[in-house]
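Below you'll find the structure, written out as structure tokens, and then a few comments.
All of the numbers you see were taken from the coordinates with simple rules; none came from a lab. Given the structure is predicted, the values throughout are model-derived calculations rather than measurements. Cβ placement follows ideal geometry from the backbone for every residue including glycine, while neighbour counts extend to all protein chains displayed.
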Amino acid sequence: MSKSKRILLTLMAGIGIVAIVGGIWVVKLKIQKESQPKFEAEKKITVFSSNIIVSENQEFDNITPQLKLEEKMINDFAVANIQYKFGEDTEVVDSELIKKWITVDEKQVLLREENVKEYVKGLAKKYDTVGIERPFVDSHGDVVTVSGGPYGWEIDQEEETKELLALINEGKSIKDREPVYKQKAFARGMNDIGNTYVEVNMSEQKMWFYKDGELIVSTNIVTGNLAKGHGTPTVVGYIYNKVRNTKLVGTGYVAFVNYWMKVYGSIGIHDASWRSKFGGNIYTTNGSHGCINTPYDNVKMIFDNIEIGTPVIIFYENEKD
């Protein structure tokens, strides 16, 4: 036999290699025997476990049952289907997504909490509206950009993560699920303010109260004293509480009011029996300590018809688009 033929036979002998490509084990077995002709075969196995280590001489027939068992365990576990509803939008947690959150360890299916937590965090980032910029159409039909403040939707991420973990572990199927919220707005979508709200235009020193789109009150007001640095902040707040016959206490003053509605921080809407005039430029030099002073009859009308949680939009006209 020539030298070149002996080299060729030597290169053809032995066992081939194992290659891993994107989670698929591709096994090429090259077998050479003296009494049989050489042949080449290819076999593909889907691998779910990160704990399987394959050596050159390992029999793949022994691995296949373990992989099939893991696949069955995963398929049996990932049966939940949770459909979230956010207004017109829908988010779905289905079996394919759940499988990405699973680890198989010693014949146990483990749902990774960090993946579920990250998913809920993504929902909050997409659908929470507290503090965001909003286009708001004022009483003159002009669009105002308003932002900041406590009003809006806010998912309770910690509690919703617990709820979602439990639903997946129990294999539940749920449609139109609403996540656990820390607080809710009055409407969904780009306009989460809805058609029931209080509008405070500080440039005009006027306030309007709309309920279900109907104008209930239109009134002059007095807001925070600009000259003394007590200017009322621009903010999207909401009616936090309603109190009758109380005293407002601050640095250097105590004031009795018949109607009090907290809006943001220490700022609220209330009557001001010590004033005989409202509106105009009073606020620039003789304004309030930050609250929205309102004539008695009008604040009573608002108090009697407004609900806790109603948004209050406070702005200056220079914020118009």
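A few remarks follow.
- The gain in end-to-end length when the residue 218 to residue 71 segment is fully stretched comes to 46.3 nm, 0.36 nm per residue minus the alpha carbon separation.
- Paramagnetic label reach from residue 91 (point 7 Å along Cα→Cβ; backbone nitrogen cut-off under 19 Å): within segment 127-158, residues 127-133, 152-158.
- Legend: calculated FRET efficiency, residue 140 to residue 83, from the Cβ-Cβ distance at R0 = 41 Å, rounded to 0.05, equals 0.50.
- Cα-only Debye scattering, segment 107-150: base-10 log of I(q)/I(0) at q = 0.19, 0.22, 0.34 Å⁻¹: -0.72, -0.81, -1.07
- 25 °C / 0.890 mPa s Stokes-Einstein diffusion coefficient of segment 197-319, Kirkwood radius on C-alpha pairs, µm²/s: 173 µm²/s
- Taking other C-beta atoms within 10 angstrom as a stand-in for reagent exposure, 274, 153 fall in the order 274, 153, fewest first.
- Label-point gap, in nm, between residue 253 and residue 195 - each point 7 angstrom along Cα→Cβ: 3.8 nm
- The label point for residue 241 and the one for residue 113, both projected 7 Å from the Cα toward the Cβ, are 3.5 nm apart.
- Fully extended contour minus Cα-Cα distance, from residue 276 to residue 133, at 0.36 nm per residue: 47.8 nm
- Net lengthening on full extension, residue 103/residue 206 (0.36 nm per residue, minus Cα-Cα): 31.0 nm
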